[in-house]
1. So what does Leu73 come to for accessible area, using a 1.4 Å probe and Å² rounded to 10?
2. On the protein heavy atoms, probe 1.4 angstrom, tell me the percent of accessible surface of the stretch 26-106 carried by carbon and sulfur.
3. Per residue of the stretch 22-27, what does 6.51 cos²θ - 1.76 cosθ + 1.60 with θ = phi - 60° give for ³J(HN,Hα)? Whole Hz please, x for Gly and Pro, Karplus curve as stated.
4. Trypsin sites (Lys or Arg not before Pro), restricted to the stretch 53-116: which are DSSP loop and have at most 10 other Cβ atoms within 10 Å?
5. Could you sort Asp111, Asp28 by accessible area so the largest value comes first, with the probe set to 1.4 Å?
6. Please arrange Asp106, Asp26 by accessible surface area, largest first, computed with a 1.4 Å probe and ligands excluded.
7. Amide H to amide H, which residues 5 or more places from Gly90 or on other chains are under 5 Å from it, using H placed in the peptide plane?
Amino acid sequence: LSGDGSHRSHSPGEKLSKRKATLPTDEDARSFEKLLKYLLSKGVQPVIAITPHHPAFWDAIANENYGRSLSQLEASVKAIAHKSNAVFVGSFNPQKAGCKESSFRDYIHLDEVCLKAIFDQIPTRSAH
């Protein structure tokens, strides 16, 4: 029910059109880089994997504040990963992630086919 008691349907992105994803501050980015570099110094290869949203949901929000801020967040995390020699795979955008509509159980939960496609992008490391 809407505020006036009538029934209204909402598009998937309508409620999020004014929202924004929280972007990392400079201090957040420095802390994250420090953590990634620490893990690398201990012989751990950090992997950052972002899973996509359902194509219909992404299409509804991609050009709204929320979708644009998710794209900015993804770009920021990807840049931090690259700068820190961490592995970055996936995307909030289902097309970039290589996932089809049939791989979604709902607007955000994926099946094993899509998850495998994303995780298969992680390079294997040779044992030392």
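1. 40 Å²
2. On the way: 2210 of 4650 Å².
Answer for the stretch 26-106 is 47 percent, counting heavy atoms of protein chains only.
3. 6, 8, x, 6, 4, 5
4. Details: sites: Arg68, Lys78, Lys83, Lys96, Lys100, Arg105, Lys116; in loops: Lys100, Arg105.
In loop regions of the stretch 53-116 (DSSP not H, G, I, E or B), the sparsely surrounded trypsin sites (Lys or Arg not before Pro) are Arg105.
5. Details: Asp111 25, Asp28 75 Å².
These residues rank, largest area first, as Asp28, Asp111.
6. Working: Asp106 65, Asp26 115 Å².
Putting Asp106, Asp26 in descending order of accessible area: Asp26, Asp106.
7. Long-range HN contacts for Gly90: Ile50.
The values are calculated or read from the model by the stated rules, or taken from the named source; none is laboratory data. What you see is a predicted model; the values in this text were computed from it and never measured. Reconstructed Cβ throughout: ideal geometry from the backbone, glycine too, with neighbour counts over all protein chains shown. Areas reflect the complete protein model, heavy atoms only, side chains present, ligands, DNA and RNA absent. Shrake-Rupley method; radii C 1.70, N 1.55, O 1.52, S 1.80 Å.
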